[in-house]
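Right, one structure below, let's go through it.
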Amino acid sequence: MTDKCDIGLIGLAVMGQNLVLNMSDHGFKVAVFNRTVSKVDDFINGSAAGRTIYGAHSIEELVGMLASPRRVMLLVKAGQAVDDFIEQLIPHLDPGDIIIDGGNSNYNDTIRRTAYVESKGLLYIGTGVSGGEEGARHGPSIMPGGSPAAWPFVKPIFQAVAAKVDDGSPCCDWVGENGAGHYVKMTHNGIEYGDMQLICEAYHLMKEGLGMSNEEMHQVFAEWNEGKLDSYLIQITRDILAFKDENGEYVVDKILDTAGQKGTGKWTGISALDMGIPLTLIVEAVFARCLSALLEERKEAAQVLSGPSSTFDGDKAAFIRDLHDALYASKIMSYAQGYMLMRAAAQEYGWHLNYGGIALMWRGGCIIRSVFLGKIKEAFDKNPDLNNLLLDDYFKAEVEAAQAAWRRVIAKAVELGIPVPAMSSALAFFDGYRRGRLPQNLLQAQRDYFGAHTYERVDRPRGEFFHTDWIGSGAAAISSTYTA
């Protein structure tokens with residue numbers, strides 16, 4: 001090697017290898033290192049052979065192969081491994097050099113690490129990378145945040161290797177300060193949980209409610225993928241339903257119904273609770289996975305607990321049309337809630353998020369990519385200060401058009417005893433959001449009755465708090481406020 005490398009990457013699992021090959025495809029010289037050093041040699045002599053990819057056998061050697069300012073990207077397991085590599089890198093780096101974490105780190109860790117690395121005179125980026133192995137190899141969605149001064153030095157690389165939308169725009173742009181990139185990636189994953197659960201509920205209704213065959217469902221998803229629901233997840237569901245093994249049997253029917261998770265959906269729900277944002281659909285999607293994991297308990301319960309035995313006897317074609325609309329309306333709720341959460345986080349942490357730009361970053365390369373996201377970008381292009389997607393003319397009209405079908409589907413699911421936690425929570429959220437008055441006036445009265453927590457009044461200015469002596473004790477309230 002004569003010239004220095006453009007970037008170094010630590011972590012040669014499949015994602016790391018594929019991203020390095022992607023960088024090489026775009027003309028960048030990449031130095032690589034892995035904790036198990038034999039993997040470096042295997043990679044260099046294997047799929048990286050003949051490319052502008054160079055192996056290092058130590059952290060010091062890797063850093064020495066890089067042009068200044070040095071850019072070192074970590075694609076290692078989230079958690080302690082990231083902190084360990086940061087500590088190993090710092091002694092070998094100079095002021096202005098950049099450490100990049102491309103794993104699924106918790107945004108709180110990224111906030112902490114940004115401050116720590118900057119205190120050492122270095123720059124830090126925490127970036128979400130979505131799209132799985134295929135995305136890493138051919139173009140992922142990349143969501144970087146951290147030290148703003150670092151962005152100009154990684155922008156050419158990141159935007160070159162990122163997925164592109166139809167007009168050539170890269171699915172990568174600067175997200176915001178410290179933990180913003182990983183927060184947006186976390187929210188993306190939460191929405192992904194919601195989308196997947198909604199699709200599973202539609203599948204369940206078709207399979208158990210309508211008694212449809214895999215081939216029939218395959219045809220429905222193929223048709224849906226040609227319209228408003230056109231997306232990566234609908235596309236792969238179409239393909240999964242038609243896939244057969246070497247014996248000509250459907251693989252999906254042989255898969256155990258217990259879902260795994262890596263934690264990002266849970267993190268999204270925890271953040272929503274911390275922020276006071278009603279992320280109902282995504283949280284129900286997480287809980288649906290938790291319920292699925294209780295396999296043995298469910299099997300026992302199935303032997304003793306009963307439900308409706310009714311079967312669907314209506315117009316199946318009409319119900320499938322309703323199901324399409326219910327799925328679309330619920331999807332709108334999921335994204336509306338996700339954007340509510342990001343807006344709250346931006347206020348909490350002082351981030352300057354470009355909401356339309358985020359939708360663009362999700363248009364390609366990532367798991368939730370869909371034509372639907374173009375409408376979100378249009379909404380924020382039209383009104384950057386939009387408080388909620390449901391207040392945009394397009395989404396307002398779409399939900400209005402789908403509302404009757406949405407309600408019919410959920411009512412029928414209840415009649416059939418088929419659980420639709422994500423769809424039904426989405427409708428409950430919509431019905432709550434569209435009401436100017438909710439029953440929490442009674443809840444506040446209850447809190448004041450048993451705990452003197454006080455309440456505000458509709459006939460007095462906000463910020464004035466009152467207490468009623470509900471039981472005639474004569475005791476005065478000591479609370480002067482409450483957390484709404």
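At a glance:
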quantity	calculated
Candidate set from the range 245-262 (those that are touching a residue at least 12 places away in the same chain (Cβ under 8 Å), in a loop (DSSP other than H, G, I, E, B) and not charged (D, E, K, R)); member that is nearest to Y335 (Cα to Cα)	Q261
Pick from the range 334-369, criterion polar (S, T, N, Q) and surrounded by 24 or more Cβ atoms within 10 Å (Cβ to Cβ), ranking: farthest from I236 (Cα to Cα)	Q337
Of all residues in the range 297-333 being surrounded by 10 or more Cβ atoms within 10 Å (Cβ to Cβ) and among the β-branched types (V, I, T), the one that is nearest to L229 (Cα to Cα)	I332
Scan of the range 66-87 for residues that are surrounded by 15 or more Cβ atoms within 10 Å (Cβ to Cβ) and under 19 Å from S38 (Cβ atoms), ordered by number	L75, V76, A81, F85
Residues (part of a strand (DSSP E or B) and either surrounded by 24 or more Cβ atoms within 10 Å (Cβ to Cβ) or touching a helix residue (DSSP H, G or I) at 6+ places or on another chain (Cβ under 9 Å) (or both)) located in the range 164-183	P170, C172, G176, E177
Test result for L279, surrounded by fewer than 16 Cβ atoms within 10 Å (Cβ to Cβ), over 18 Å from A413 (Cβ atoms) and either of a type in the set (F, W, Y) or in contact with a Leu (Cβ under 9 Å, 6 or more places away or on another chain) (or both)	no
Candidates K254, K207, K262, K244 - the one that is more than 18 Å from S141 (Cα to Cα), surrounded by fewer than 19 Cβ atoms within 10 Å (Cβ to Cβ) and touching a strand residue (DSSP E or B) at 6+ places or on another chain (Cβ under 7 Å)	K244
Members of the range 25-58 found to be surrounded by 19 or more Cβ atoms within 10 Å (Cβ to Cβ) and either at positive phi or of a type in the set (A, V, I, L, M) (or both), listed by number	V30, A31, V32, V40, A48, I53, A56
Only one of V20, V32 that is out of contact with any Phe, Trp or Tyr (no Cβ under 6 Å at 6 or more places or on another chain) and in a strand (DSSP E or B)	V32
Which numbered condition E226 fails, given (1) out of contact with any helix residue (DSSP H, G or I) (no Cβ under 9 Å at 6 or more places or on another chain); (2) more than 19 Å from Y328 (Cβ to Cβ)	(2)
Tally of residues being within 16 Å of G132 (Cα to Cα) and of a type in the set (D, E) across the range 177-194	1
Residues of the range 52-66 that turn out to be in a helix (DSSP H, G or I) and in contact with a helix residue (DSSP H, G or I) (Cβ under 7 Å, 6 or more places away or on another chain), as a count	3
Residue among A413, A397 that is more than 18 Å from A336 (Cα to Cα), small (G, A, S) and modelled with pLDDT of 95 or more	A413
Output for the range 195-244, where each listed residue is among the aromatic types (F, W, Y), modelled with pLDDT of 95 or more and in a helix (DSSP H, G or I)	Y203, F221, W224
Yes/no for A150 being of a type in the set (A, V, I, L, M), closer than 19 Å to V72 by Cβ and at pLDDT 95 or above	yes
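The values are calculated or read from the model by the stated rules, or taken from the named source; none is laboratory data. Keep in mind the model is a prediction, meaning the values are calculated, not measured. For neighbour counting, all protein chains shown are included, and Cβ atoms are generated from backbone atoms with ideal geometry for every residue, glycine included.
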